[in-house]
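Just below is one structure, and these are the notes that go with it.
The values are calculated or read from the model by the stated rules, or taken from the named source; none is laboratory data. Just so it is clear, the model here is predicted, and its values are computed rather than measured. Methodologically, a virtual Cβ is constructed for each residue, glycine included, from the backbone with ideal geometry; neighbour enumeration extends over all protein chains shown. Protein only, heavy atoms only, side chains kept; ligands, DNA and RNA dropped before computing areas. Shrake-Rupley method; radii C 1.70, N 1.55, O 1.52, S 1.80 Å.
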Amino acid sequence: MTLFESVIGLETHIQLNTRSKIFCACKADSWGDPPNTNICPVCTGLPGVLPALNQLVVAKAARLAAAMHVERLAGESFFARKNYFYPDLPKGYQISQYNEPLAQGGYLDLPLPEEHRDGVPDGERRVHIWKLHMEEDAGKTVHRGDRRLIDFNRCGVPLVEMVTGPDLRSADEAALYVIRLRQLLRWLDVSEADMEKGQLRCDANVSIRPQGSTELNTKTEIKNVNSIDSLRQAIQTEIARQIREFESGGTIEAWTLEWDEDEGVLRKMRSKETEADYRYFREPDLLPIQLTEEERAQVVEALPELPLERRRRFVEEYELPAYDAEILTEERSLSEYFEAAVGALAGQPKIVSNWLMNDVLRLLRERGLTAGGLRLTPAYLAEIIRMVQSKDITTNTGKELLDKIETTGQSPGEIVAAEGLRQVTDVDALGALARQVLAENPDQVAQYRSGKTTLIGWFVGQVMKRSGGQADPQKARQLLEEQLRPS
Ligand SMILES: [Zn+2]
């Protein structure tokens, strides 16, 4: 029996998070807006208008290119017209880049999970980026019964298209690539990268070959996947189909396939031979995009530390477990929050990490926030940890403070003072509470003294209750035991 290896390349379309569109001043993000409300003569292709390039689109595309370690960020690149007819493309052509793109030749390294590392050097899969270019989006066609409705809001929304080499070897690796890319896009503030909103779209080129072969066989293209799960399922389905075809002596044809999310099946859209000839030519209405050597150097220099580098540094510099480092670097502002809190506490990275992973992340999830938007600042978190460590407050009070600070914006010190939350460690006060509890519960005292010592927990609970949760439980226990000892 032949063992097969799959060969996968991805083509992603990334919606940049600029405020306005690529060639006009219309609002770029129309999510939730009524159809045809963010449009103008430029993006609807009326005669006599001229496009004007949004500089921020170039800046963001260049930043992404630099993060992909591109060998060549072009000093001069050009827009081209891609001509085709479609109802939601009012100009009859799309302004894109063709053979003179902004960037070529980069890579993204994917650390693979333990179980997928066999035979992969360093456990990392290097995914080559062949080409990165800018283009405008087309409109949207909506089917309502037997009518077709056109929404031009999406016309002229800035996109970056990025094409990888055939470097991925399984559906899981393809999914992992999209997860890492999404993380990076948000990290760089280039795109919101929400697949469900179409801000990150992905087509997959899939072929198979006998294991050990280096040949590239005929590939099929899968379109219309709009979640990471769909991407994984669609690729798995297609690999299985190609293997069946191959084993039954058939041939793989260069089809374009469409993933039907509801049915979980692939449908043939068209055979590749019928693909349109786009008659590309340089866009005559736009100047070349020029980046001086200085500007290109500046782009690289301004690049922040990237997620995987930061993850590695967290493990080395703070001696965090890989698991902690992974979670803390999932999102940039969280990783910055962590470092600021460690700074404010003058060390103890693992303690800070525990508070973040257990309690602060819960707070973020509940309130739908990112760490950058918290009123609970890193300095406040450090102050809470210090008060817990010096036994000024109990751990429970510390945890409750997180929500209180986030709601009121007050400092931990202010809330503790105003609400009288300081922990009761004073022996006289605690001793008095313990005596009261014992005096009021003679039956339990008798049971304890006759051997049911597990009741100690219940006594501690009574003291805690009386103190409003502020008693030091260890000290309370110690005092109770002393008082319960037969005299
Ligand atoms: Zn417009």
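See the values below:
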| item | result |
| --- | --- |
| Using distinct alpha-carbon pairs, which all enter the 1/r mean, Kirkwood radius of the range 374-487 in Å | 15.3 |
| R270 long-range amide H proximity, modeled H, under 5 Å | T256 |
| Loop trypsin sites (Lys or Arg not before Pro), the range 1-53, which have at most 13 other Cβ atoms in a 10 Å radius of their Cβ (DSSP) | R19 |
| Where only C-alpha atoms are counted, convex hull volume of the range 328-394 per residue in Å³ | 81 |
| Karplus 3J(HN,Hα) series, Hz, for the range 198-211 with 6.51 cos²θ - 1.76 cosθ + 1.60 (x for Gly, Pro) | x, 7, 9, 10, 9, 10, 10, 9, 10, 9, 10, 7, x, 4 |
| 5 angstrom amide H check on V265, placed H, neighbours 5+ away | D260 |
| Contour excess over end-to-end distance, with Cα ends at Q410 and E482 and 0.36 nm allotted per residue | 21.9 nm |
| Simple spin-label estimate for A379 and E419 in nanometres, 7 Å along Cα-Cβ | 2.2 |
| Pair E326, Y278: separation of 7 Å Cα→Cβ label points (nm) | 3.7 |
| Within the range 330-367, trypsin sites (Lys or Arg not before Pro) in DSSP loop having at most 14 other beta-carbon neighbours inside 10 Å | none |
| Distance cut-off 19 Å, percentage of C-alpha pairs in the range 87-239 lying past it | 63 |
| Kirkwood-based Rg to Rh ratio, the range 252-316, C-alpha trace | 1.25 |
| D (Stokes-Einstein, µm²/s), Kirkwood Cα radius, the range 157-216, 1.002 mPa s at 20 °C | 161 |
| Potential lengthening between R267 and Y84 on full extension [0.36 nm per residue; Cα-Cα distance subtracted] | 63.6 nm |
| Accessible area of the chain divided out per residue, in Å², using a probe of 1.4 angstrom | 50 |
| Rel. contact order, % - alpha carbon contacts under 8 angstrom, at least six apart, the chain | 14 |
| Relative compactness, the range 1-120, computed as alpha-carbon Rg over 2.2 N^0.38 Å | 1.42 |
| Placed amide H near E192: partners under 5 Å, 5+ positions off or other chain | N17 |
| Equivalent ellipsoid semi-axes - Cα gyration tensor, the range 10-58, angstrom | 19, 16, 11 |
| Hydrodynamic radius by Kirkwood, which averages 1/r over all alpha carbon pairs of the chain, in angstrom | 27.1 |
| Compactness relative to 2.2 N^0.38 Å, alpha carbon Rg of the range 125-176 | 1.70 |
| Backbone N under 17 Å from the L361 label point (7 Å along Cα→Cβ), restricted to the range 154-187 | 180, 183 |
| Phi-based couplings in Hz for the range 145-161 (Karplus 6.51, -1.76, 1.60; Gly and Pro marked x) | x, 9, 9, 10, 10, 10, 10, 8, 3, 7, 4, x, 6, x, 10, 10, 9 |
| Cα gyration tensor shape of the range 259-418, rounded if a/c is under 1.5, else prolate or oblate by comparing a/b with b/c | prolate |
| Length gained when the stretch L56-E100 is fully extended (0.36 nm per residue, less Cα-Cα span) | 13.9 nm |
| Translational diffusion of the range 154-300, µm² s⁻¹ [Kirkwood Rh, Cα pairs; Stokes-Einstein; 20 °C; 1.002 mPa s] | 119 |
